[in-house]
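These notes are about the structure you will find just below.
FYI, it's all coordinate maths here, none of it is from the lab. Worth saying up front: this structure is predicted, and the values here are computed from it rather than measured. Cβ atoms come from the backbone with ideal geometry, glycine included; neighbour counts cover every protein chain shown.
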Amino acid sequence: MKQKSNELLHQKKYEGLIPKNNSTTVYHAILTEFVQLVSQNNPDIESILLVGSYARGEASSTSDVDLYCIFKEIDEKKLAIIGDIVKNVTQNDSRLEFNPQCFSINEFQSLPFSRFINPSIVYFESVHLFGSFPLKIPTKQDIEQSWKGICAETLLSIRHYMSSNESSETINSKKITTFVLKPLIATLKLKQYLIQGYYPNTLVSLEPLLDEDYTILLKWSLSPELLQNEIKRDYVSVLTKLHQLAASIFNHE
């Protein structure tokens, strides 16, 4: 593997700008090093995108660094190279957990992979670090299909928790945050873009746009301890409230 150069280690701007995060990790420098090493050791890399909380400016020092690495073609050798690079760069700050997902460009732009990627959200929330940007501007129809699909899947998740008689021991704040709160918040962001013509990238920018009933989703997302206490107190009421909100989001265009 080609060695890193010190020239870019403190660079903070790419084609996109990584927002300021509430993280004490040296994520700017390490991401720069990661991008440089990937581009040096993979001549057919098409694009690198930063996604998730670091791309939105909502990361803490314990947040994962989520990345999409998109190649002309993908094979096991390239995956191994990415793994070696991740091991190399995270030695500089062991708190950083890199989570790269690798695709061929055809996979990334295909319908079967779109359910995992969700192109509308990636378009608005990603930071473009390297190469050509792999997505087109989503149409109104694209965004409507996206938020409706997310919301429908979330409704089914909540109904499963309620109808399978899961106990308070198996229903916890992490599960609810991952499978209910995050997708519902993504749905609200996409709906607000259609209403406002403005995409609220963060919870702070989303909150003023919401009806008061929906702000509990943000409060629970920001405070896992509050959510966990509510679950312990009466998890059925929590699921009932979430189902009511999800149904309301889905049924009101």
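Values for this structure:
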| quantity | calculated |
| --- | --- |
| Candidates per GluC sites (Glu not before Pro) in the range 156-226, loop by DSSP, up to 12 other Cβ within 10 Å | GLU169 |
| 5 angstrom amide H check on ASN42, placed H, neighbours 5+ away | none |
| Percentage relative contact order, the chain, counting C-alpha pairs under 8 Å, at least six apart | 17 percent |
| In Hz, Karplus ³J(HN,Hα) per residue of the range 129-141 (6.51, -1.76, 1.60; θ = phi - 60°; x = Gly, Pro) | 9, 7, x, 8, 6, x, 10, 8, 4, x, 7, 4, 5 |
| Segment SER94-SER164, length gained on full extension (0.36 nm per residue, minus Cα span) | 21.2 nm |
| Built amide H within the under 5 Å cut-off of GLU97, gap 5+ | VAL65 |
| From phi via Karplus (6.51, -1.76, 1.60), per-residue ³J(HN,Hα) for the range 76-86 in Hz, x at Gly/Pro | 5, 4, 5, 4, 5, 5, 4, x, 5, 5, 4 |
| Top of LEU129, LEU79, LEU190 by mean-square fluctuation, Gaussian network on the chain, Cα under 10 Å | LEU79 |
| Under 12 Å, Cβ to Cβ, from ASN106 - net charge with Lys/Arg +1 and Asp/Glu -1 | -2 |
| Pairwise Lys count, the range 140-251 - Cα closer than 22 Å, eight or more residues apart or different chains | 29 |
| Coil-residue trypsin sites (Lys or Arg not before Pro) of the range 122-159, DSSP, other Cβ within 10 Å capped at 11 | LYS136 |
| Whole-Hz ³J(HN,Hα) from phi, Karplus 6.51 cos²θ - 1.76 cosθ + 1.60, for the range 107-119, glycine and proline x | 4, 4, 9, 8, 5, x, 8, 5, 5, 6, 7, 6, x |
| Total lysine pairs whose alpha carbons fall under 18 Å of each other in the range 4-133 (8 or more apart, or interchain) | 7 |
| Compactness of the range 172-253, expressed as Rg and Dmax over alpha-carbon positions, Å | 12.6, 40 |
| Distant-in-sequence amide H partners of SER47 (H built 1.01 Å from N, under 5 Å) | ILE70 |
| Computed [θ] at 222 nm, helices only, for the chain once each DSSP H run of length n ≥ 4 contributes -39500 (n - 2.57) | -16000 deg cm²/dmol |
